[in-house]
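Just so it is clear, none of the values below were taken in a lab; they were calculated from the coordinates. Keep in mind that what you see is a predicted model, and the values were worked out from it rather than measured. Virtual Cβ from ideal backbone geometry, glycine too; neighbours counted across all protein chains shown.
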Amino acid sequence: MGQITSVVKRNGAIVPYNRERITNAIYRAAVEVGGRDRSIAERLSEQVERLLEQQTPPDHIPTVEEIQDLVEKVLIENGHARTAKAYILYRAERARLRQERTGQAPRTSENIPWEKIWRALDWAVERGVHTVAGLNERIARGEFPRIVQEAEAMYDEEIKNAVARILERRADLKIVIISGPSSSGKTTTTIKIGERLRRAGLELVALNVDNYFFDLELHPKDEFGDYDFETPQALDLELINAHLKRLVAGEEVLIPFYDMKTGKRHLNRTPMQVKPHEIILIDSLHGLYPAMTRDVPNERKFKLYLEPLLQMKGPDGKYVRWADLRMMRRMLRDAVHRAYDPRRTLLHWHYVRNSELRHIIPRINEADFIVNTGLAFELPIYRPRLLDQFAQWEKELEGDPLREDAYTRAKRVHALLRAVTPIEDDSPIPPDSVLREFIGGSVYEY
């Protein structure tokens, strides 16, 4: 028996042992089932550490898998069955995703809107922008403004079709939900859809579910002090559901207020009541997560899902990843609107992706309509704004086993941006473009 100083990761890298990682993993699982007492997680991680020290021979460095086995054992033996189940399910999901990435298991296709993707690819092929090389050729011919016009017309058609579908059900609807992963363009799309619905005679009332965040200190965080506020459990789902049920019934509720500066929520602040002819408009990452609207009948809800379904192959012959597009969007938006260091966005992105893959993307085919917010002219705009930073991050993060995820993303995006012809002048992009949500200069207030 001796003090544990190192751990072997799944890729064979040896990293310093840190009990706080165990505490964070236990607390994260507890939060998923409604637990908010971090001190319990700390006591349980101490037990895991004692067992680890007792069972580890002097010449052996424990593996991540061995530690996770002990976490399951301690949770079950201490009567935390629901937390243990959440932990086991999360562990199994992560294992499946790793197998898919390494080709050891077939990729699941249930979460891919094939028809929508085919239409996006057909659109891109017709205009010669289905590859970065094709995009560069059009830019070299001075056609960047034309590409912008074509892409904006496509997005406008998406909005028009979504609104038409909503109006078909206007007699029964009480809630319109606009959902999708981070930086998919929900805010601008919500504004545009709201404008069109109002012109069609509907009266809308916005419900900002960000006010239902739990206090920041109650969210899980890692050893670097980075809070995970991306999960649906970061929101008071029970309260949102209860309020929506009452609002749909015509009752008045008192909406909480969340102070972004202090990270504190204040209950019962703003009275809200929905008139019989009004519809609630919700813009939320987790709008399709069942617990948020569990007690509102489906016929009373219209569910929109947003994703930049860009169909463009990079220099490596692989399609540009939608998640990489959204990460760049978020970097630029947070720098413009929130004075947030883009590097922190890169380091935080694994939380974003974990939550998306578990809680958001699997809901895509439950939506009543999917809006493609991908724009063929995005990458040329991003290159002069982000290329040098990605080059720097790739160098800084190389060889750091604790930042392997961030390094992989930085390297991939850096290679992609290097291959794109840069566009410094963004004046061809209209002020009401969804891209203005991220690069600034929008006519809308965010």
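Estimated from the Cβ-Cβ distance and a Förster radius of 56 angstrom, the FRET efficiency linking residue 172 and residue 59 is about 0.25. Neighbour counts of other Cβ atoms within 10 Å put 381, 279 in the fewest-to-most order 279, 381.
Restricting the count to DSSP beta bridges whose residues both fall in the chain, what percent are antiparallel, rounded to a multiple of 5? Within the chain, antiparallel bridges account for around 40 percent of the total. GNM remark for the chain: springs join alpha carbons under 10 Å apart, and the peak mean-square fluctuation among 152, 404, 394 falls on 404. What is the calculated FRET efficiency for residue 252 to residue 215, with r their C-beta to C-beta distance and R₀ = 22 Å, to the nearest 0.05? Once the sixth-power term is evaluated, E becomes 0.30. On a 23 Å Cα-Cα criterion, which of the cross-link pairs 245/303; 174/261; 9/221; 116/160; 9/318 come out too long? From 245/303; 174/261; 9/221; 116/160; 9/318, over 23 Å: 174/261; 9/318. Extension gain, residue 15-residue 88: 0.36 nm per intervening residue step, less the Cα-Cα distance, totals 24.0 nm.
A protection proxy built from the mean count of other Cβ atoms within 10 Å ranks the segments 113-126, 203-216, most packed first, as 203-216, 113-126. Dividing the helix sum by the residues of the chain, where each DSSP H run of 4 or more adds -39500 (n - 2.57), gives a mean residue ellipticity at 222 nm of -15500 deg cm²/dmol. Annotation: aspartates and glutamates with alpha-carbon distance below 17 angstrom to residue 85 (same-chain offsets under eight excluded): 32, 65, 69, 72, 77, 93. Peptide packing: for 160-166, 416-422, 249-255, the average count of neighbouring Cβ atoms within 10 Å per residue gives the ranking 416-422, 160-166, 249-255, highest mean first. Between rounded, prolate and oblate, where does the range 6-101 land on the alpha carbon gyration tensor, with a ≥ b ≥ c its root eigenvalues, rounded for a/c under 1.5, else prolate if a/b exceeds b/c? Oblate shape, in that a/c is at least 1.5 and b/c is the bigger or equal ratio. Computed from the mean reciprocal separation of all distinct C-alpha pairs, what Kirkwood hydrodynamic radius does the range 314-424 have, in Å? So the Kirkwood estimate lands at 15.0 Å.
Roughly speaking, what % of Cα-Cα pairs in the chain are separated by over 42 Å, rounded to a whole number? Here the long-distance tail beyond 42 Å is 20 percent of all Cα pairs in the chain. Sparsely packed loop sites in the range 1-77 (the trypsin sites (Lys or Arg not before Pro) outside DSSP H, G, I, E and B with at most 16 other Cβ atoms within 10 Å) comprise 9, 10, 36.
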